[in-house]
Amino acid sequence: MSYRDAATSGTNIAASYGRAAECKERAPSATHPETKAEYIRLARGWVHLARSYEFVESLERFLLDATRKRHSLRPRTFQKFPTLYADENRREQKTRGPEKSGLLY
């Protein structure tokens, strides 16, 4: 995730929570029960959307951290145990094919 994506994601989260707050504020002043119920439903939807954005953001951070750790650990481990990675590379070539086997390293 780039800096720009992170800024956009944070903006989307804040905007979604803001919309939810607007709907919650308007619900009590609604004159018809159906309108009030609709505002409450919309508020829940906006909160759900904001939480979805938060989940995606946390998942992206987790995956980026895992990738960084894997890349930072591999060269030192490879020097100590070269046959360990030779076997792993052969397995990847069988399961992924030779064109994709080196993408993660």
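The values are calculated or read from the model by the stated rules, or taken from the named source; none is laboratory data. Note that this is a predicted model, so its numbers are computed, not measured. Cβ sites come from the backbone with ideal geometry, for glycine too, and all protein chains shown count toward neighbours.
When we screen 20, 37, 27 for residues that are assigned to a helix (DSSP H, G or I), exposed (fewer than 13 other Cβ atoms within 10 Å of the Cβ) and among the hydrophobic types (A, V, I, L, M, F, W, C), the only hit is 37. Here residue 45 meets the list (1) part of a loop (DSSP other than H, G, I, E, B); (2) at pLDDT 95 or above almost entirely, failing just condition (1).
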